[in-house]
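Enquirer: For reference, the structure I am asking about is given below.
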Amino acid sequence: MVLKGKTVFISDLHLGLFSRAEEEKREEVIVNFLYSLDRGVDALYILGDLFDYWFEYRRVIQKGYFRLFTALKHLTDKGVKVYYIIGNHDFFHRDFFESYLGVKVEPDIIATEIDGKKFFLGHGDGLIKNDYGYKVLKKIFRNRFIQWLYSLIHPDLGIMIASGTSKQSREYTTGKDYGETDALFETARTKIDSGYDYVLFGHSHVKTVREYKHGKYINLGTWLAELTYGVFENNKFEILNWEDNGEKQ
């Protein structure tokens, strides 16, 4: 795919992590942000962990996100291209986002061109060379037969289990020691060496911009704690912060 114009990137919102009252406030902020994108934005990329846990049953959708879904549908109706790379917390999707919201869901990575620059986009999970344990778990959790077996569990119980598993995954990621250097940067260097100009990840929750040869490695940090997002326009990439009043800082 080849895109032009203003492009926005966001990751690691982890909706569903807190109490219902807190989540309503958090959803309002992200919804206000999304509605602001219908003015002059050509594409939005969600780089994983939009939800703290997501398991989509064939006929059941988790409640509590009506305003979010409406905002995403508003964007696609306005002609904004929305892409969603699933992460390690929100990996089980069926057809809801694509069929009902017009959001293109990708299981792992997106390689694209924006204004003549080559982008490699991913959540970041499973892309670290020495994280063998997680790579095995990822294959298990994303196995369609295992997911089908899990879908036989009643949704109330299944979502409760998914929530607990998500908490354990977050604690694992937070406590994981990958060495003195940023292991995602090591992955990014190989992609830049292969010809990419920009390599974008989330996952680690550590906001980073590092130059390497002709390219840049960018980690968006986390909307969860910092309300950060990325913008690429006129051959310039920025990481910005969103405030509830709709102003960019």
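Enquirer: Of the residues that make up the range 4-12, is at least one surrounded by fewer than 21 Cβ atoms within 10 Å (Cβ to Cβ) and at pLDDT below 90?
Expert: Checked against the condition, which is being surrounded by fewer than 21 Cβ atoms within 10 Å (Cβ to Cβ) and at pLDDT below 90, the range 4-12 yields at least one hit.
Enquirer: Given the condition at pLDDT below 85, crowded, with 20+ Cβ neighbours inside 10 Å and in contact with a Phe, Trp or Tyr (Cβ under 6 Å, 6 or more places away or on another chain), answer yes or no: does some residue in the range 33-55 qualify?
Expert: So far as the range 33-55 goes, yes, one or more of its residues are at pLDDT below 85, crowded, with 20+ Cβ neighbours inside 10 Å and in contact with a Phe, Trp or Tyr (Cβ under 6 Å, 6 or more places away or on another chain).
Enquirer: Can you find even one residue in the range 180-200 that is more than 15 Å from Phe119 (Cα to Cα), surrounded by fewer than 14 Cβ atoms within 10 Å (Cβ to Cβ) and at pLDDT below 90?
Expert: Within the range 180-200 (the criterion being more than 15 Å from Phe119 (Cα to Cα), surrounded by fewer than 14 Cβ atoms within 10 Å (Cβ to Cβ) and at pLDDT below 90), the answer is yes, since at least one residue qualifies.
Enquirer: For the range 189-211, which residues satisfy the criterion of being over 18 Å from Phe232 (Cα atoms), without any contact (Cβ under 8 Å) to a residue 60 or more places away in the chain and of a type outside the set (S, T, N, Q)?
Expert: Selection gives Arg189, Asp193, Val206.
Enquirer: Which of the residues spanning the range 186-235 are outside any strand (DSSP E or B), among the β-branched types (Val, Ile, Thr) and in contact with a Phe, Trp or Tyr (Cβ under 9 Å, 6 or more places away or on another chain)?
Expert: Result: Thr187, Ile192.
Enquirer: Can you name the residue in the range 228-249 that is over 17 Å from Tyr45 (Cβ atoms) and at pLDDT 90 or above and is also surrounded by the fewest Cβ atoms within 10 Å (Cβ to Cβ) among such residues?
Expert: Asn234
Enquirer: So Val136 fits all but one of (1) of a type in the set (Val, Ile, Thr); (2) closer than 22 Å to Thr187 by Cα; (3) modelled with pLDDT of 70 or more; what number is the exception?
Expert: (3)
Enquirer: Scan the range 179-196 for residues that are of a type in the set (Asp, Glu) and farther than 21 Å from Gly48 by Cα and jot them down.
Expert: Matches in the range 179-196: Glu180, Asp193.
Enquirer: Got a sec? Which of Phe18, Phe92 is among the hydrophobic types (A, V, I, L, M, F, W, C), at negative phi, touching a residue at least 40 places away in the same chain (Cβ under 8 Å) and surrounded by fewer than 20 Cβ atoms within 10 Å (Cβ to Cβ)?
Expert: Just a single option satisfies the conditions, and that option is Phe92.
The values are calculated or read from the model by the stated rules, or taken from the named source; none is laboratory data. Given the structure is predicted, the values throughout are model-derived calculations rather than measurements. Note that we place each Cβ from the backbone using ideal geometry, even for glycine, and neighbour counts take in every protein chain shown.
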